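The values are calculated or read from the model by the stated rules, or taken from the named source; none is laboratory data. In this text, all values refer to a predicted model and were calculated from it rather than measured experimentally. Please note: Cβ atoms are built from the backbone with ideal geometry, for glycine as well, and neighbour counts cover all protein chains shown. These accessible areas exclude ligands, DNA and RNA; they are computed on the full protein's heavy atoms, side chains included. Shrake-Rupley method; radii C 1.70, N 1.55, O 1.52, S 1.80 Å.
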Amino acid sequence: MRHLHWFRTDLRLNDNPAIASHAAADSLLCLFLMPKPKPWCNLTGVGKQRDRFLRESLIELKKDLQALGQDLLVLEGSPELVIPHIVKRYGITEVSVSDHPGWEEKQSVTYLAEKLDIPVQIHRGNSLFTETDLPMALEDLPQVFSPFRRKVEKLNVRGPKAAPEQLPSAPSAQFDAIPPSIHKPHPGLPLPGGRRAGLRRVKQFIWDDESIKQYKLTRNCLDGFDGSSTFSPWLANGNLSVREVAHTIFDFEKNKVANESTYWLFFELLWREFFYWRAEVDGRALFLLSGLTGKPRRSTFEPRNFARWCAGDTNYPIVNALMRQLVATGWMSNRGRQIAASCLINELQGDWRFGAAFFEKHLIDYDVGSNYGNWQYIAGIGSDPRGGRHFNLAKQAADHDPKGIFIAKWGGVRPLQPDYITDAADWPIDSEKV
Ligand code: FAD
């Protein structure tokens, strides 16, 4: 019994049912394939901070595996090509993966299950509930959040499982070291990769600083550590299991305080859960301009406006600061993401998918369901019962950055420029007359 586990967004040994399933195997090969997103919306590759966070996570996971006599093989290439080759080379008899709600990720697993004549086992992904826990069939999953929440919030969240104390040995001597990133976490918002950093942040936010007690009041702050938990990168990469985060909240409520804010942090995990299962159901529709509605959404896409939005060089200082924060740190607060997305969709009339693709490239917490689901929500073609959101940028800046500290910190003030430099016939507009 020579097994292979293909790590994807489950970069941990704790509460990882796929890893625990190999106890009886004679050997286990742990594999990770560096993400190489297909070119999409004029964008390629992953941003420097996303790559940095991932590499830090992989280096730590490799060390944790080595401490158990195991190792991690990290390769580049598409799973459809690499995995059949590895299976043949090492005489693998069974493959495991943790479930992933993304459409392309599912396509890869379906392809492998058909192509390989060995079992491909799919284990629970990083979700609070399993499909069988849900009180409805997936085809009856509510389109909007509130009915979903009402149905699931009282369900029992099973406790996280400890990491296995032993693992079968690796089929080969040590694999190559993982080249570290040349980039560092940004000093203005340092979010290091790896499980230990995630556990430290959970301890700090919940137990040491007890910030969870005020979370509902502070969660819309634009700079991470001041207000929200910043757990998202470790959840998205699977350094932390969402069940262990939920149970830490429950422990705090049992042993310290339970109030509206402590509940609200769990409530946000339910939003994550909602988008997880919606992605599972919506499949390709998550990436369509018309989203779930099937109705074309009007956009007058102007490449120059999109480029200015990406560069944080629009006529909106708050948006510029947010976009610069994103590229520099790989993170942006929830309110920030709503403001930046609303600006691209409403002020700049862009195709929402280009914005989602830019976020996908740069976010260290990129998560297919939460990213595309939230973009669709703001564009009004997803799960928003109110048909989209248009944030008043001046009001948002006044509410969330009244003294302009955030804008100054991330360099949001830029020279004003005309929105269009060519007319409808593509002739240059005389800027003196604009
Ligand atoms: P907290 O406020 O502390 O919340 C705790 C946790 O709850 C988060 O870590 C996250 O797992 C979950 N959560 C909170 N808000 C949401 C939400 N609106 N939707 C889903 N889950 C939520 N989140 C991602 O994890 N990955 C993404 O790629 C992503 N893209 C987004 C794109 C847009 C346009 C918008 C508006 C939101 C997006 N979000 C995404 C959701 C949300 O912005 C982040 O999860 C949150 O900002 C992360 O910061 P935090 O951990 O401090 O959140």
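Points to keep in mind about this one:
- Residue match in segment 192-207 (condition: assigned to a loop (DSSP other than H, G, I, E, B) and either aliphatic (A, V, I, L, M) or surrounded by 22 or more Cβ atoms within 10 Å (Cβ to Cβ) (or both)): yes
- Residue ID - farthest from Asp365 (Cα to Cα), chosen from residues in segment 211-227 that are in contact with a Phe, Trp or Tyr (Cβ under 8 Å, 6 or more places away or on another chain) and either more than 10 Å from the ligand (Cβ to nearest atom) or among the charged types (D, E, K, R) (or both): Lys216
- Of the helices (runs of 4 or more DSSP H) lying entirely inside segment 228-283, those containing at least 2 residues that are more than 12 Å from the ligand (Cβ to nearest atom) and in contact (Cβ under 8 Å) with a residue 40 or more places away in the chain span 242-255, 260-282.
- Matching residues, segment 208-227, being open to solvent by 10 Å² or more (accessible area, probe 1.4 Å) and either among the hydroxyl-bearing types (Ser, Thr, Tyr) or outside any loop (DSSP other than H, G, I, E, B) (or both): Asp208, Ser211, Lys213, Gln214, Tyr215, Lys216, Leu217, Thr218, Phe225, Asp226
- Residues being open to solvent by 10 Å² or more (accessible area, probe 1.4 Å) and more than 17 Å from the chain's Cα centre (by Cα) - total across segment 335-345: 0
- Counting the residues of segment 357-386 that are out of contact with any Asp or Glu (no Cβ under 7 Å at 6 or more places or on another chain) and among the aromatic types (Phe, Trp, Tyr) gives 4.
- Those residues of segment 31-63 which are modelled with pLDDT of 95 or more, of a type in the set (Gly, Ala, Ser) and open to solvent by 20 Å² or more (accessible area, probe 1.4 Å), in sequence order: none
- Residue within segment 172-190 that is surrounded by 15 or more Cβ atoms within 10 Å (Cβ to Cβ), modelled with pLDDT under 95 and not acidic (Asp, Glu) present: yes
- Annotation note: of Met323, Met332, the sole residue that is open to solvent by less than 50 Å² (accessible area, probe 1.4 Å) and either among the charged types (D, E, K, R) or without any contact (Cβ under 8 Å) to a residue 24 or more places away in the chain (or both) is Met323.
- Some residue of segment 258-280 being open to solvent by 50 Å² or more (accessible area, probe 1.4 Å), at pLDDT 95 or above, aliphatic (A, V, I, L, M) and over 26 Å from Val319 (Cβ atoms): yes
- From the list Ile364, Ile381, the one residue that fits, being in contact with a Pro (Cβ under 8 Å, 6 or more places away or on another chain) and either touching a residue at least 12 places away in the same chain (Cβ under 8 Å) or open to solvent by 20 Å² or more (accessible area, probe 1.4 Å) (or both), is Ile364.
- Taking residues in segment 285-308 that are more than 15 Å from Cys41 (Cα to Cα), and partners anywhere that are of a type in the set (Asp, Glu) and open to solvent by less than 50 Å² (accessible area, probe 1.4 Å), the pairs with Cβ atoms closer than 8 Å and at least 6 places apart or on different chains are Leu292/Asp282.
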